[in-house]
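As structure tokens, the structure follows; a few thoughts come after it.
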Amino acid sequence: MQFWIIQGLNSLALGGLLFLLASGFSLIFGLMRIANLTHGAFFMLGAYLGANAIRSIDGVNLWTAAVGTGLLVAAAGGLLERLVLRQLSTNPLGQVLVTLGMSFIIADACLMIWGGDPIPVPTPADLRKPLLLFGFAFPTYRVVVVGCAIVAAIALYGLLERTRIGAMIRAGVDDMDMARAIGIPVSALFTAVFCLGAGIAGAGGVLGGPIMSAYPGLDADMLPLALIVVILGGVGSLLGAFVGSFIIGFIYTFGIALLPDLAYVILFLPMIVVIAFRPQGLFGRIGA
Amino acid sequence: MKRISGVVFLALLCVFPLFAGDFYINLASQILIAAIFAMSLNLLVGYGGLTSLGHASFLGFAAYASAWSTTHMGLGVGTAAVVAILATMVMAGLFGMIALRATGLGFLMITLALSQVLWGLAYRWVAVTNGDNGMSGLVRPAPFGISLDSGANYYWFTLVVFVVSYWLMAIFVSSAFGSALRGTRDQARRMSALGHDVWMIRWITFIYAGFWGAVSGLLYVYYTKYIHPSSLSITASAEGLLSVIAGGSGTLGGPVVGAALLIILKNYASAYVERWNMLLGFVFLFIVLVLPEGIVPGLKRIFSRRQGGQS
């Protein structure tokens, strides 16, 4: 029983981290039609920057590190969008290739600066004690990560559905030319959404640090999971990213625990089922 | 004129090992293998308008299948090659059924995800793939009793396969089917209104590209006599895609030129810098931002301009 509960919680924690990664990817794709392959590298960059800040700067704890790193990565994303992607706005394939190239550059720079050994991120001291509930011990930090993901999901939902900027973003997703024609500053929105997506991914990397630590190849491990989440949930859909993240979190965690050799193959299954019956994804309205 | 220069070039390739050192012979073999891989990807990218970021899955899968069936099943190298190619084509058929539900960026994302799943499998399924240690102790085939263990013999073998593959792919793209494929790239809706089965055309092309990907995978595993999960990685797929786009997608010679440049760059750069991935990233940026049409079409344009606009 303890096994199932712990693995269930691990699944939720991984799902939460995946949501932080996939929601930004999905929003960027939905609005800008850019498959941002740098997203996994943003996550890894966040993990490294956060790990470093916590270990070397006095007075920085996990939460301030997550916020600071999120802002830094958001700025990096904004630069990428403004300086490079902007020039390729008529060339979607070129944009993908540039983001792929950037992901190689960032990943290799991380390897160069921080070396090949994983850098563990300490769990905050007050969250190290297990949480006792109904006679079971839960790792507190994982519960907190799930909480963070849910808070982020609610905040993003509120931003998209309840604010003026959110309404502009939705208008841009639905019909960009019309949105432009009625005076919505789509170009500024692009930068804002790209920064937002990159920032969430960077902060997610820091929050993931105590669970998976920062290591070379983290980007290559996370990006395909995020892609599968987005393929499952449907691009541009926040709800799709949310549901897809937890589905993949469960399948991947239980796959690793029960069938460690074949965990990756099991990821095929939901993808095949969804693509066969609903190519636009569970909650997607637009085809990818 | 074009035909004569082609024959001269081919003759030069044939006699190349007689005056070149071992290093250059091996480099040339690598280029030919990478060129077959890039040409097969070009069928999808250039002629089909289907940009795949998972083409290394065919190369890696065929290489693993050959390695596994010779070491674990005790098959001869020749039989194993047939098994590996057939298995890869079946896999290409399945992957195609999944990936071709989408086009454009969706296709790219699905092929990337599928190939990453295979890559993860190669790492984790240690019982079959030997994980991160890779599979070693593999042998080269000996067609008609000729040993391919010397660099020069293996180069000639690769050259023969390369010429055959180039020729067959040239026939493929200039055939009626090739025209239909280009039609689905440019005007998919119109093609389907004209009664063509767009999906089927793409699917067949996907499997055909998988076939030549498998052939390049076999040549690759014979060349290195070793296989590691990194041959399935996104870097491997990206190198292939970069060769196609750098050389010029949708041209026959472009991917060959792109592959040659990339292999030469990789070999020489690795002598001076350790950071191949970073360099690869910068090459990506350079090509997309500066030479988006590729080297071969770019040169063609410059050349035809010099001749007074005749093309």
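The values are calculated or read from the model by the stated rules, or taken from the named source; none is laboratory data. All values derive from a computational prediction rather than experimental measurement. Note that we place each Cβ from the backbone using ideal geometry, even for glycine, and neighbour counts take in every protein chain shown.
Please work out which residue is surrounded by the fewest Cβ atoms within 10 Å (Cβ to Cβ), limiting yourself to the stretch A:242-283 and to residues that are assigned to a helix (DSSP H, G or I) and among the polar types (S, T, N, Q).
Across the stretch A:242-283, the extreme among qualifying residues is A:THR253.
For the stretch A:19-59, a residue qualifies if it is in a loop (DSSP other than H, G, I, E, B), within 24 Å of A:GLY234 (Cβ to Cβ) and not basic (Lys, Arg), and the qualifying residues are A:ILE34, A:ALA35, A:ASN36, A:LEU37, A:THR38. The set of residues in the stretch A:145-171 being within 15 Å of A:VAL193 (Cα to Cα), part of a helix (DSSP H, G or I) and either free of Cβ contacts under 8 Å to residues at least 40 places away in the same chain or out of contact with any Leu (no Cβ under 9 Å at 6 or more places or on another chain) (or both) consists of A:ALA155, A:GLY158, A:LEU159, A:GLU161, A:ARG164, A:ILE165, A:GLY166, A:ALA167, A:MET168, A:ARG170, A:ALA171.
Kindly evaluate B:VAL126 against the criterion of being surrounded by fewer than 20 Cβ atoms within 10 Å (Cβ to Cβ), facing chain A (nearest Cβ under 10 Å) and either under 27 Å from A:ALA257 (Cα atoms) or of a type in the set (Phe, Trp, Tyr) (or both). Yes; evaluated as a whole, the condition is true for this residue. Quick one: in the stretch B:288-298, of everything that is part of a helix (DSSP H, G or I) and more than 8 Å from every other protein chain (Cβ to nearest Cβ), which residue is surrounded by the fewest Cβ atoms within 10 Å (Cβ to Cβ)? Residue satisfying both the conditions and the ranking: B:VAL290. Contact map, the stretch B:217-241: first residue touching a residue at least 24 places away in the same chain (Cβ under 8 Å), second residue part of a loop (DSSP other than H, G, I, E, B) and aliphatic (A, V, I, L, M), Cβ cut-off under 6 Å, separation 6 or more or different chains; pairs are B:LYS225/B:LEU138; B:SER237/B:LEU53.
For every residue, the table says whether it meets (1) hydroxyl-bearing (Ser, Thr, Tyr); (2) in contact with an Asp or Glu (Cβ under 6 Å, 6 or more places away or on another chain).
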position	(1), (2)
B:PHE211	no, no
B:THR235	yes, no
B:ALA238	no, no
B:ASN277	no, yes
B:ARG301	no, no
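Residue-by-condition table, conditions (1) in contact (Cβ under 8 Å) with a residue 12 or more places away in the chain; (2) within 23 Å of A:THR253 (Cβ to Cβ); (3) within 14 Å of another protein chain (Cβ to nearest Cβ):
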{"site": "A:VAL186", "(1), (2), (3)": "yes, no, no"}
{"site": "A:ALA203", "(1), (2), (3)": "yes, yes, no"}
{"site": "A:VAL206", "(1), (2), (3)": "yes, yes, no"}
{"site": "A:ALA220", "(1), (2), (3)": "yes, yes, yes"}
{"site": "A:VAL230", "(1), (2), (3)": "yes, yes, yes"}
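Restricting B:ALA84, B:ALA20, B:ALA34 to residues that are surrounded by 20 or more Cβ atoms within 10 Å (Cβ to Cβ), small (Gly, Ala, Ser) and farther than 24 Å from B:ALA246 by Cβ narrows the list to B:ALA84.
Can you name the residue in the stretch A:72-97 that is in a loop (DSSP other than H, G, I, E, B) and over 28 Å from A:GLY50 (Cβ atoms) and is also farthest from the other protein chains (Cβ to nearest Cβ) among such residues? Before the answer, list the steps.
Residues of the stretch A:72-97 that are in a loop (DSSP other than H, G, I, E, B), as a first pass: A:84, A:89-91.
Checking which are over 28 Å from A:GLY50 (Cβ atoms) leaves us with A:89-91.
Working: A:SER89: 13, A:THR90: 11, A:ASN91: 7 Å.
Within the stretch A:72-97, the match that is farthest from the other protein chains (Cβ to nearest Cβ) is A:SER89.
Annotation: of all residues in the stretch A:106-128 being β-branched (Val, Ile, Thr) and away from every other protein chain (no Cβ under 14 Å), the one that is nearest to A:THR69 (Cα to Cα) is A:VAL121. The criterion of at least 2 residues that are at pLDDT 85 or above and within 30 Å of A:ALA22 (Cα to Cα) is met by the following helices (runs of 4 or more DSSP H) wholly inside the stretch B:64-143: B:77-99, B:104-124.
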